[in-house]
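Just so it is clear, none of the values below were taken in a lab; they were calculated from the coordinates. In this text, all values refer to a predicted model and were calculated from it rather than measured experimentally. Ideal geometry is used to build each Cβ from the backbone, glycine not excepted, and the neighbour counts take in all protein chains shown.
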Ligand code: NAP
Ligand code: G4F
């Protein structure tokens, strides 16, 4: 990285130019120089001014980027080692982002979340969940914004969870999916590389930024073997799966090319009451609750014979943290090792509310995909043996938890985020 205070000429690597001139305060013609983090900390998430306790027991105010100290002590003091770690999470407004932020906060991390858009409506939901998270604007489509975010946050760890993650949408908007879910990974890796001054001739130093990529079991697609391991070849069946495979190989490539600490978790389906209503588990738990409460009588679904290895999202974010904390960067398959059909899911979910799914479910061709992934099942042995990860919540408990949460939500006058309208594509 060039010395602070020196502007870098544009004829150098353009990304290096961009990063260096942001760091040194020289306005770049390509990137806005405003940092919105201050606004949001002061008036947005959590308390009006967000304070945390520093390793020395002093309160740290966010207004000056966490460097201005207050004399008073608050709350229990996390250990110095934990407090010295700072994580940046892309996709913080998604299901996994919220669980991961909670998990890392509980471990004493300073957590930052990247949020896109001028007025992202999901920030309000997040605010209720995560009082202690700081937000910074950025978009996986915008390289400059990612460089600015990494430069501003100076993270120890970056978790790239942002993606267009709904598989059917990837056929409708294949190019956008490629840009966000695929090339977005390149942009995050480049932001880390450039901000760290890493190049083909300059390896990362000690204390480098560690990177986690949210890879997916969708990459296995038309599976070559069952269960799937870290060695199973990929055969993706959707533009989403193809984009994830690109991000996966690129993460591996940056590890091999530059020596960066970059890992991918090949995660199988994981669910929770925070799951988007467009995914089948939540569509079913919401459907059951609506039928039970008398709001609706039918639930329309697609392929009931598809099989997935469904686990609980809260368990899976523990795996992300364990993976990024290893001594050496190694990729793992993360799943329960048990597969169920959509029909099994229906049986369990309707039973949890004292109903029979056969009385209410209608299959609808509108929800059948152009190409299906018929059956997924993880072999998580390597993760269990090498990083000590095991799921704590099984399928029945997960489904009961989701149905119960939606019954409670709807009977107390709440409603699921209705961001997609009618779930056809
Ligand atoms: P999710 O709920 O759909 O969340 C996706 C996140 O990506 C949201 O926060 C969204 O922000 C953000 N995002 C979308 N486009 C963006 C852009 N252009 N720039 C910045 N942020 C953008 O997904 P999830 O279930 O939490 O999954 C997290 C990650 O794991 C995803 O990459 C997913 O593909 C992958 N994955 C998930 C599973 C699973 O079963 N859940 C399994 C394997 C892999 P907005 O609020 O702005 O839309
Ligand atoms: O819940 P789904 O939409 O999840 P899908 O396609 O497996 O993808 C999820 O898991 C991946 C990991 O394997 C992630 F990478 C991805 O981001 C996402 O989180 O669909 C599950 C199954 C499919 O086979 C689908 O055809 O359920 C079947 N299904 C049947 N009827 C339905 C419906 N899926 C949805 N969403 N809606 C239906 O009406």
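I need 377, 195 ordered by Cβ neighbour count within 10 Å, fewest first. Intermediate results must be reported in sequence, preceding the final value.
Numbers: 377 20, 195 27.
Least to most surrounded, the residues fall as 377, 195.
Could you work out the percent of alpha carbon pairs in region 239-280 separated by over 15 Å, rounded to a whole number?
57 percent
Taking 22 Å as R0, compute the FRET efficiency from the Cβ-Cβ separation of residue 279 and residue 230 and round it to 0.05. Before the final figure, lay out each step's value.
Working: r = 25 Å, r/R0 = 1.13.
Rounded to the nearest 0.05, the efficiency is 0.30.
I want to check the label-to-label distance for residue 298 and residue 176. Put each point 7 Å from Cα in the C-beta direction and report it in nm to one decimal.
That separation, rounded to one decimal, is 2.9 nm.
Using r as the Cβ-Cβ distance of residue 408 and residue 374, and R0 as 41 Å, what FRET efficiency do you calculate, to the nearest 0.05? The partial results should precede the final answer.
Working: r = 34 Å, r/R0 = 0.83.
That pair, residue 408 with residue 374, gives E of 0.75.
For residue 120 and residue 328, calculate 0.36 nm times their separation in residues minus their Cα-Cα distance, and state this gained length in nm to one decimal. Mind showing how you got there, number by number?
Numbers: separation 208, 0.36 × 208 = 74.88 nm, distance 3.65 nm.
So the chain would gain 71.2 nm between residue 120 and residue 328.
Could you line up 219, 260 from fewest to most neighbouring Cβ atoms inside 10 Å?
Values: 219 26, 260 23.
Going from least to most buried by this count: 260, 219.
By its C-alpha gyration tensor, with a ≥ b ≥ c as the square roots of the eigenvalues, how is region 359-411 shaped: rounded for a/c under 1.5, else prolate for a/b larger than b/c, else oblate?
Details: a/c = 3.59, a/b = 1.32, b/c = 2.72.
It is oblate, given that a/c is not under 1.5 and a/b is not larger than b/c.
Please sort 378-390, 312-324 by packing, taking for each peptide the average over its residues of neighbouring beta carbons within 10 angstrom, highest first.
Numbers: 378-390: 17.3, 312-324: 22.1.
The most tightly packed comes first, giving 312-324, 378-390.
According to a simple spin-label model (label point 7 Å from Cα along Cα-to-Cβ), what is the distance in nm between residue 199 and residue 107?
So the two model labels end up 3.3 nm from each other.
Sorted by packing (mean other beta-carbon atoms within 10 Å per residue), highest first, where do 221-229, 120-128 land? All intermediate terms of the calculation are to be shown ahead of the outcome.
Details: 221-229: 17.1, 120-128: 14.6.
My ranking of the peptides, most packed first, is 221-229, 120-128.
As a footprinting exposure proxy, order 361, 133 by other Cβ within 10 Å, with the fewest listed first. Mind showing how you got there, number by number?
Numbers: 361 20, 133 28.
If I rank by nearby Cβ atoms, fewest first, I get 361, 133.
For region 249-349, how big is the tail of P(r) above 24 Å, as a whole percent of Cα pairs?
On the way: 2016 of 5050 pairs.
Cα-Cα pairs of region 249-349 separated by over 24 Å account for 40 percent.
How big is region 100-181 in terms of Cα radius of gyration and Dmax, in angstroms?
Rg, Dmax (Cα atoms, Å): 14.0, 41.
Sticking to Cα atoms, compute the Rg of region 300-425 to one decimal and its Dmax as the biggest Cα-Cα distance, whole number, in Å.
Answer for region 300-425, Rg first and Dmax second: 17.3, 53 Å.
Relative to the present Cα-Cα distance, how much length would full extension add between residue 154 and residue 385 at 0.36 nm per residue of separation?
Additional length available on full extension: 79.9 nm.
Students often check this: by mean Cβ neighbours within 10 Å, which of 90-103, 344-357 ranks highest, and how do the rest follow? Write down the numbers at each step before the final one.
Numbers: 90-103: 23.9, 344-357: 18.5.
Answer by packing, highest mean first, reads 90-103, 344-357.
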